[in-house]
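The values are calculated or read from the model by the stated rules, or taken from the named source; none is laboratory data. Just so it is clear, the structure is predicted and the values come from calculations on it, not from any experiment. When we count neighbours, we look across all protein chains shown, and the Cβ atoms used for this are built from the backbone with ideal geometry, even at glycine.
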Amino acid sequence: MGELVVSGRPCTLRRMPAVSPRLFDLLRLTMTPGLGPVLVARLLESFGSAEHALRASPRDLERVRGIGGGTSSAIARGLKDSAALAERELELAERHGVAILALGDEDYPPLLASIPSAPPILYVRGGLRPADADAFPVAIVGSRACTAYGVEQAERFAGVLASNGLTVVSGGARGIDSAAHRGALRAGGRTIVVLGCGLMHAYPPDNAPLYDRVADGGGAIVSELPMSVAPTPENFPGRNRIISGLSLGVLVIEAAEGSGALITARHAGEEQGREVMALPGRVDSPASAGSHDLIKRGGAALVTGPADVVGALESAARHLAAGTHGARFADPSAGLFEPAPPPAANLSERQQRIVSALGAPRSTDELVALTDLSAADLRVELTMLEIAGRVRRSGTRFERTG
């Protein structure tokens, strides 16, 4: 047993690893009945920190937009009782091999942190690596009731993108989502599963073996919901905003009219400033009616191959690498707009070897010989260098950009 001083009082944490007071206080807010991501964000804005919010009186809480006099007393009582709930949550997470990240932590994905109402707490099984392996994520979404064509294309796109170093994000549902996760794993790449339930559950249950493969080295399963929350329909719109929020862009494959994938696309394009792409299907296929409507309305770029996806994401990825991703959608008159971000300065040891070898334009065979990298590893690193703007293709050869 250990003791941690939380919000001005000692709090005994039973059988748990050390956690920061800030994480524990944020966890208490999320475990308080009546508080979701929007109200937690308003509390943090109003009181300056989770610690101060936990000490708020009913009268203080009434002044927060969205908390009226009828609910402020109940929320104040919930805040006082939340320490025990947070302690139990930490115990459940440890028991199930789940890490808990707080908004603002070093390992919290920066793209997700930038969206409106970002999850204050993120539960992670497996591992997130936003600084390197998961630096360039792309979401692939579509219908559960998909066709064989949709499954084939989801696996194809996910496999090629993952083999070239992009992380594939999806929602773990049957159909297109599962095909995307499988394609990424089969290619030896990384994938992130975003669930609409707590991580004590595997939903759908038949995907439990798939999630084990992801957690055992192929990426991460994540959720914003407390460990024991069951999968219910009202959880999935919130899950969809996380899928798009984690990603540089969203590729829609086979979305019928009214598909939840279209909600993800709307979050991506209208609320989060992400790239939206759609793969066309048969013109008379109901399974692709929603995708076709997105393309016709200008809500998505038409793509026919993985190279189109990489091209669509290149600008966003370069801004992310340069730290100017948020400025892409800023008002230029505000002085925040960065039209041409410099390429990322930090290169891995492999990437430095490639750039050094490009004293003259080289083919991939020449680069394999000069860098002593395998052809597969070379493809991954070249894609990352292209996205970062450090190299460019010239026919069948590669050259440095400067």
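Structure values in brief
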{"item": "Near pairs, Cβ below 9 angstrom, 6+ apart or cross-chain, from segment 190-213 (within 19 Å of residue 158 (Cα to Cα)) to any residue that is outside any helix (DSSP H, G or I) and acidic (Asp, Glu)", "result": "190/134; 192/134; 194/224"}
{"item": "Candidate set from segment 74-93 (those that are crowded, with 17+ Cβ neighbours inside 10 Å and of a type in the set (D, E, K, R)); member that is nearest to the chain's Cα centre (by Cα)", "result": "89"}
{"item": "Residues (part of a helix (DSSP H, G or I) and small (Gly, Ala, Ser)) located in segment 140-158", "result": "148, 150, 154, 158"}
{"item": "Residue check, residue 64 of a type in the set (Val, Ile, Thr), part of a loop (DSSP other than H, G, I, E, B), in contact (Cβ under 8 Å) with a residue 24 or more places away in the chain and assigned by TED's automatic domain parsing to the domain that holds residue 19", "result": "yes"}
{"item": "Only listed residue being closer than 21 Å to residue 317 by Cβ and among the small types (Gly, Ala, Ser), chosen from 179, 261, 268", "result": "268"}
{"item": "Filter result for residue 97 (over 25 Å from residue 250 (Cα atoms) and part of a loop (DSSP other than H, G, I, E, B))", "result": "yes"}
{"item": "Test: residue in segment 106-115 that is buried (at least 19 other Cβ atoms within 10 Å of the Cβ) and in contact with a helix residue (DSSP H, G or I) (Cβ under 6 Å, 6 or more places away or on another chain)", "result": "yes"}
{"item": "Wholly enclosed strands (runs of 3 or more DSSP E) of segment 164-242 bearing at least 2 residues closer than 20 Å to residue 95 by Cβ", "result": "219-223"}
{"item": "Pair list, Cβ under 7 Å, 6 or more apart: segment 74-93 residue farther than 19 Å from residue 55 by Cβ, other residue outside any helix (DSSP H, G or I) and basic (Lys, Arg)", "result": "91/14; 91/15"}
{"item": "Scan of segment 247-289 for residues that are of a type in the set (S, T, N, Q) and modelled with pLDDT of 90 or more, ordered by number", "result": "247, 272, 285, 288"}
{"item": "Residues located in segment 244-278, provided they are under 13 Å from the mean Cα position of the chain (by Cα) and of a type in the set (Lys, Arg)", "result": "274"}
{"item": "Hits in segment 360-383 - residues which are at pLDDT 85 or above, of a type in the set (Asp, Glu) and assigned to a helix (DSSP H, G or I)", "result": "365, 366"}
{"item": "Residue 79, sole failed condition from (1) in contact with a strand residue (DSSP E or B) (Cβ under 7 Å, 6 or more places away or on another chain); (2) part of a helix (DSSP H, G or I); (3) farther than 24 Å from residue 250 by Cα", "result": "(1)"}
{"item": "Hey, residue 257 over 16 Å from residue 184 (Cα atoms), surrounded by fewer than 24 Cβ atoms within 10 Å (Cβ to Cβ), free of Cβ contacts under 8 Å to residues at least 24 places away in the same chain and acidic (Asp, Glu) or not", "result": "no"}
{"item": "Options 171, 142, 126: the member that is in contact with a strand residue (DSSP E or B) (Cβ under 7 Å, 6 or more places away or on another chain), crowded, with 19+ Cβ neighbours inside 10 Å and at pLDDT below 95", "result": "142"}
{"item": "Check on residue 125, basic (Lys, Arg) and over 14 Å from the mean Cα position of the chain (by Cα)", "result": "no"}
{"item": "Residues within segment 273-291 that are in contact with a helix residue (DSSP H, G or I) (Cβ under 6 Å, 6 or more places away or on another chain) and not hydrophobic (A, V, I, L, M, F, W, C), tallied", "result": "5"}
{"item": "Test: residue in segment 168-182 that is within 22 Å of residue 377 (Cβ to Cβ) and in contact with a Ser or Thr (Cβ under 8 Å, 6 or more places away or on another chain)", "result": "yes"}
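Table: residues versus (1) basic (Lys, Arg); (2) buried (at least 16 other Cβ atoms within 10 Å of the Cβ).
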position: 363; (1), (2): no, no
position: 369; (1), (2): no, no
position: 376; (1), (2): no, no
position: 380; (1), (2): no, yes
position: 388; (1), (2): no, yes
position: 393; (1), (2): yes, no
position: 400; (1), (2): yes, yes
